[in-house]
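Here is the structure we will look at.
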Amino acid sequence: MQSEKTILCIGAGYVGGPTMAVIADKCPDYKVIVADINPKRIEAWKTDDLPIYEPGLLDVVKRARGRNLFFTTDVFSAIEEAAIIFVSVNTPTKTFGSGAGRASDLQYWEKTARDIIEHSKDNKIVVEKSTLPVRTAEAMSRILRSNDKGLKFEVLSNPEFLAEGTAIADLDNPDRVLVGAMQTETGMAALQKVVEIYARWVPKEKIITTNVWSSELTKLVSNAMLAQRISSVNSISAFCEKTDANIREVSKAVSMDSRIGSKFLNASVGFGGSCFKKDILNLVYLCEHYNLPEVAQYWEQVVKMNEYQERRFAKRVVENMFNTVAGKKIAVFGFAFKADTGDTRESPAIYVTELLAEEKANIAIYDPKAIENAKEDLAHLTSATIEYCNDPYQAAEGAHAILILTEWKEFKEYDYKKIYSKMNKPAFIFDGRNILNTKELYELGFNVFSIGQTPLTHL
Ligand code: UDX
Ligand code: UDX
C-alpha cells in the first residue's frame, strides 16, 4: 500500500546514496528506501564498508539506517509503497546509434519509467535526479501518461549539485536547491511536496523553483561553466610553460578580482569525473539538434582543451625523460579523478597511464582509495607492466619518476628525502596538480616539473 510519507530513490550510486542518507537523517518522520538493481551495491550499503567513499557519509548512514533508511534490490515493492520516487540511475554518454559520443543513453531512465507504471497502484510524484538532456521530463511524462490504469504521475526536475568528496557538506549546506515543475496546478502541488522535504534544513531563500526546462538546463550550464574555468586556466598554463610566466601567480592575481573569484582556477592535468564531460557533450548535442553550430563548437572546445591538457602532460613526461620511458619505472601517485573520493570515472590518470603504457613504461600506482577502480579501468592493458601498490614508498622505490595525478592532501606530507634516496637518478617529479613545494623538492635533488611553471632542474 502507498504511504504519503515514503520516499524511494532508484539508483544507489554516488548521487542517490548520499542524498537519500541525508534526507533520511534530516526527516525522521519519512521512510526513505534506496533501491538498486545491483545486489552487490545494496549489500555493501548495509555494512560499514559502504560501496562509495565519501567523508562523513558513514556517520549519517549509521544514524538513519534501520530506523527510516532502508536499502533493497526489491525495486518493484518499493515503487508500490512510495508516494515520491527520485530517479538517480546513470545516464552515460551514448556509445551507439544516433548521437553516439554526445547524447545521453536514456535506456535506464526509460526502463525505470516503465517499471514505475507497471508497479504503481496510486498517483505518484517522479523526481529526476539524473542529469538529463533538456526536455526529457516531457518524454518521461508522456511515457508515464501512457499508462492504462488511469494513474497520474507528476514529473519534477531536482538536479543534484553535490561534488564528490564534499557530498555531505554540500547536501547539509547547499548553495541552492533547485526544483522544476510543470506550470500547472498539479505540477505546483507536487513541487510543494518536494520543497517541504528540503525546507526541513535548507533556508527557504535557497530553495529555487522554476519550470522544468530551466531546472534541467541549469544543471548542464553549471557544470559547463565550472569546466570552462578549468579549461581556460589550463589553456593559459600551456602558454606559461612557453614563457616565464607562472600560472599559480597569474591565477591568484586574476582570482582576486571579486567579479571573477577564486574557485575552480587551479591548473591541473585536466578535469575528470562523471559529470563535466558528459554534461558538456550533452549541451553540445542539444545545440546541434537545435541548429546552433557556433554554440555547439564553443562548448565542445572546453572538452577538447581538457583532452589536450591530459595529452600535453603525458608528452611532457616522456620528452623530459630524454624522450624515452621504455623499461623505466614510473610511480603514479593518485588515480581518483580528484581527492577524497575513490571514483575514477573519466579520471585524467586513466589516459595518462594508457599513454605511458604505450611508451612501454613500467607503471606503479598508489592511491589511498581508488586502487580497486584503477584495476578495472586498466584491465584492458593486458600487455603492460602495471603494479598496484598499497604503499607510496613501495611505489616510488627504484622509480625514475613520480607523477602526481590527484590532489590528495597526504601527498604533500610524505618524506621526500627518503623517497629520493630510493629512486633511480636523475629523479623526476611531475606535479599534475600543483600541490607540492617545488623549491624544497628541487633542493633535495629532484628535477621538478609543475603545470604552467618553469621547471626546476639540475640537468
Ligand atoms: C548518476 C548519473 O550518472 C548522473 O548523471 C546523475 O546526475 C546522478 O546519477 P551516480 O550516482 O554517480 O550518477 O551514478 P552511479 O554511481 O553509476 O549510480 C547509478 C546507480 O543506478 C547504479 O548503482 C546502478 O546499479 C543503478 N541502476 C542503474 C539501477 O538501479 N537501475 C537501472 O536500470 C540502472
Ligand atoms: C561536479 C560539480 O562540481 C557538481 O556541482 C556536480 O553536481 C557534479 O559535477 P564532481 O565531478 O564531483 O562535481 O567534482 P568537482 O569538484 O567539480 O571536480 C571536477 C574535476 O575538476 C576534478 O577532476 C578536479 O580535480 C578538477 N578541478 C577542479 C581542477 O582541475 N581544477 C580546479 O580548480 C577545480
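The values are calculated or read from the model by the stated rules, or taken from the named source; none is laboratory data. Just so you know, these numbers come straight off a predicted model, no measurement behind them. As a convention, Cβ positions derive from the backbone with ideal geometry for all residues, glycine included, and neighbour counts pool all protein chains shown.
Annotations for the structure displayed:
- Residue that is nearest to ligand 2 (Cβ to nearest atom) [pool: residues in the range 257-302 that are in a loop (DSSP other than H, G, I, E, B) and among the charged types (D, E, K, R)]: Lys263
A quick yes/no check of all residues on (1) within 30 Å of Lys252 (Cα to Cα); (2) of a type in the set (A, V, I, L, M):
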site: Gln394; (1), (2): no, no
site: Phe411; (1), (2): yes, no
site: Asp431; (1), (2): yes, no
site: Leu444; (1), (2): yes, yes
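- The C-beta contact set for the range 318-332 (first residue over 13 Å from Ala427 (Cβ atoms), second residue acidic (Asp, Glu), distance under 6 angstrom, 6+ apart or interchain) comprises Val318/Glu359; Val325/Glu359.
- Screening the candidates Ser98, Ser146, Ser141, Ser130 for the property of being farther than 27 Å from Glu43 by Cβ and touching a residue at least 40 places away in the same chain (Cβ under 8 Å) yields one hit, Ser141.
- Complete set of residues in the range 143-173 that are more than 16 Å from ligand 2 (Cβ to nearest atom) and crowded, with 20+ Cβ neighbours inside 10 Å: Leu144, Phe153, Glu154, Val155, Leu156
- Test: residue in the range 110-127 that is modelled with pLDDT of 90 or more and within 23 Å of the chain's Cα centre (by Cα): yes
- If you go through the range 198-217 and keep only what is closer than 19 Å to Met188 by Cα and among the β-branched types (Val, Ile, Thr), you end up with Ile207, Ile208, Thr209, Thr210, Val212.
Listed here are the residues, each with its yes/no results for (1) under 30 Å from Asp340 (Cα atoms); (2) over 18 Å from the mean Cα position of the chain (by Cα); (3) at pLDDT 90 or above.
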position	(1), (2), (3)
Leu132	yes, no, no
Lys152	no, yes, yes
Ala163	yes, no, yes
Val177	yes, yes, yes
Gly180	no, yes, yes
Glu185	no, yes, yes
Ala190	no, yes, yes
Tyr198	yes, yes, yes
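- Looking only at residues of the range 217-231 that are in contact (Cβ under 8 Å) with a residue 60 or more places away in the chain and away from ligand 1 (no atom under 16 Å from the Cβ), we find that the one that is surrounded by the most Cβ atoms within 10 Å (Cβ to Cβ) is Ser231.
- Test: residue in the range 198-213 that is among the acidic types (Asp, Glu), without any contact (Cβ under 8 Å) to a residue 40 or more places away in the chain, farther than 30 Å from Asn320 by Cβ and loosely packed, with under 14 Cβ neighbours inside 10 Å: yes
- Filter result for the condition that a residue is more than 22 Å from the chain's Cα centre (by Cα), of a type in the set (A, V, I, L, M, F, W, C) and surrounded by fewer than 18 Cβ atoms within 10 Å (Cβ to Cβ), over Ala326, Ala331: Ala326
- The single condition from (1) more than 16 Å from ligand 2 (Cβ to nearest atom); (2) touching a Ser or Thr at 6+ places or on another chain (Cβ under 9 Å) that Ser421 fails is (2).
- Residue match in the range 297-308 (condition: touching a residue at least 12 places away in the same chain (Cβ under 8 Å), under 30 Å from Phe449 (Cβ atoms) and in contact with a Gly (Cβ under 8 Å, 6 or more places away or on another chain)): yes
- Top-ranked residue in the range 174-186 [being touching a Ser or Thr at 6+ places or on another chain (Cβ under 8 Å) and among the hydrophobic types (A, V, I, L, M, F, W, C); ranked as nearest to ligand 2 (Cβ to nearest atom)]: Leu178
- Comparison of Ser421, Ser450 shows that the only residue that is modelled with pLDDT of 95 or more and surrounded by 22 or more Cβ atoms within 10 Å (Cβ to Cβ) is Ser450.
- Tabulated pairs, the range 250-266, first on the phi > 0 side of the Ramachandran plot, second assigned to a helix (DSSP H, G or I) and among the small types (Gly, Ala, Ser), C-beta under 7 angstrom, 6+ apart or interchain: Gly261/Ser255
- Tally, over the range 320-361, of residues that are more than 12 Å from ligand 2 (Cβ to nearest atom), of a type in the set (D, E, K, R) and closer than 23 Å to Phe276 by Cα: 1
- On the stretch given as the range 11-42, residues that are under 23 Å from the mean Cα position of the chain (by Cα), under 21 Å from Asp170 (Cα atoms) and not hydrophobic (A, V, I, L, M, F, W, C) total 7.
- Note on the range 366-459: enclosed helices (runs of 4 or more DSSP H) holding 2 or more residues that are touching a Lys or Arg at 6+ places or on another chain (Cβ under 8 Å) and under 19 Å from Gly334 (Cβ atoms) are 392-396.
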